[in-house]
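Read through the structure below, which is laid out as structure tokens, and then see the notes.
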Amino acid sequence: MENNTTNLLYVEYDFKVSPQQPWNDVLMAQLGKVGFESFIETDHGVKAYILQSQDSDKVLEGVSIIKNDLCDIAFAKADVPPTNWNAEWEKNFDPIVVNNRCEVRAPFHQASGVEYDIVIEPKMSFGTGHHQTTHMMIEHLLNEDLNDLDVLDMGSGTGVLAILAQMRGAKNVDAIDIDTWCYENALENVERNNADKVNVILGGAEQLDGRSYDFIIANINRNILLQDIPVYSNSLKSGGVILFSGFYKEDLEHIKNKCNETGIHYDSNLTRDNWIAAKMIKN
């Protein structure tokens, strides 16, 4: 389970994206499918990294968003000098503590003794807790009673929210992500945290067919949420709770309206730097 990225040679693609949202997220998702391993959001878009051995003149042919009329995307590329990626990762990854109750840390950090101690190696996956949306979802979960519930973590990334759901008493947790890297990383993190009630699944909303949940966590992005809310509603039991995040304040009304169409009503929300994490309840 060690991070074996020491001294690997990478190529950096520096993308300029306008407008950036929601297209940064869409771009990163598509780049992940063609072999890009890590991403940094910048003031003008996204920097994406791929192994030199995986790079080619045709690597972007499967990235359809680049040719989309809804946004403008340009890029420049450059080889990255030989780097000790383990050292860089450790230098730039700090533990976080949410509400003095839940810590998300790497294996090389000392435990602080809080109620919920989650140890992850995020590698190239999303969900370290540093992003505003993940932080707010942790806040929500700390305030919810998950005792003996069937829980879904949709777009699970590192698996950190699924792991916390088990710690909060969930009977069973399905952690689903469409990205292979996230799937493999979540498997490692689930084992690392002895989260034996978390079932990691590779795929998208099609995996929900025939499944039923008391509680759903969906931290993805605005467009995917709007597309898949009807599917989530079909899998959510009457009276069940669903937490949505991955979108901005101005998108909340769109999310509410789509939920209303499927029998889910708004309850409350948290905000952090213009990001929203909303709690909804099914009729």
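The table below gives the values:
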item: Extension gain (nm, one decimal) between D196 and D14, 0.36 nm per residue minus Cα-Cα; result: 61.6 nm
item: Local net charge near N223, Cβ-Cβ under 10 Å (Lys/Arg +1, Asp/Glu -1); result: -2
item: Dipole magnitude (debye, nearest 20) for the chain, charges at Cβ of Lys, Arg, Asp, Glu; result: 440 debye
item: Label point distance in nm, I96-S112, each placed 7 Å from Cα along Cα→Cβ; result: 1.2 nm
item: Whole-angstrom gap from the range 209-283 to the range 142-156, using each part's C-alpha centre; result: 14 Å
item: Protein-only accessible surface order, largest first, of E253, E103 at 1.4 Å; result: E253, E103
item: Net lengthening on full extension, E61/D145 (0.36 nm per residue, minus Cα-Cα); result: 25.6 nm
item: In the range 15-85, the GluC sites (Glu not before Pro) that fall in loop regions by DSSP, at most 11 other Cβ within 10 Å; result: E61
item: Accessible-area ranking of D267, D117, D72, largest first, probe 1.4 Å; result: D72, D267, D117
item: Solvent-accessible surface (1.4 angstrom probe) belonging to E261, in square angstrom, nearest 10; result: 140 Å²
item: Cα gyration tensor shape for the chain, rounded if a/c is under 1.5, else prolate or oblate; result: oblate
item: Assigned charges on the beta-carbon of Lys, Arg, Asp, Glu; the range 160-254 dipole about Cα centre (debye); result: 400 debye
item: Per-residue SASA entry for H254, accessible area with 1.4 Å probe, Å² rounded to 10; result: 90 Å²
item: Vicinal HN-Hα couplings computed from phi for the range 223-229 (Karplus, 6.51 cos²θ - 1.76 cosθ + 1.60; Hz; Gly/Pro x); result: 5, 5, 4, 4, 5, 9, 3
item: Exposure ranking of W23, W181 by accessible area [1.4 Å probe, largest first]; result: W181, W23
item: Order by protection proxy (mean Cβ within 10 Å, highest first), peptides 163-169, 226-232, 152-158, 63-69; result: 152-158, 163-169, 226-232, 63-69
item: Å² of accessible area per residue within the range 130-282, as computed with a 1.4 Å probe and no ligands counted; result: 39 Å²
item: The chain: calculated mean residue ellipticity at 222 nm from DSSP helix runs of at least 4, using -39500 (n - 2.57); result: -8000 deg cm²/dmol
item: At R0 = 22 Å, FRET efficiency that the Cβ-Cβ distance of E250 and H44 yields, to 0.05; result: 0.60
item: ³J(HN,Hα), Karplus 6.51/-1.76/1.60, whole Hz, each residue of the range 182-189, x for Gly, Pro; result: 4, 4, 5, 5, 5, 4, 5, 5
item: Considering only the chain, percent of DSSP beta bridges that pair antiparallel, nearest 5; result: 60 percent
item: Share of carbon and sulfur in the accessible heavy-atom surface of the range 126-283 [1.4 Å probe, %]; result: 43 percent
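The values are calculated or read from the model by the stated rules, or taken from the named source; none is laboratory data. Predicted model only: the values in this text are computed from it and were never measured. Counting neighbours? That spans all protein chains shown, and the Cβs are built from the backbone with ideal geometry, glycine included. Heads up: the accessible areas ignore ligands, DNA and RNA and are worked out on the full protein's heavy atoms, side chains in. Shrake-Rupley method; radii C 1.70, N 1.55, O 1.52, S 1.80 Å.
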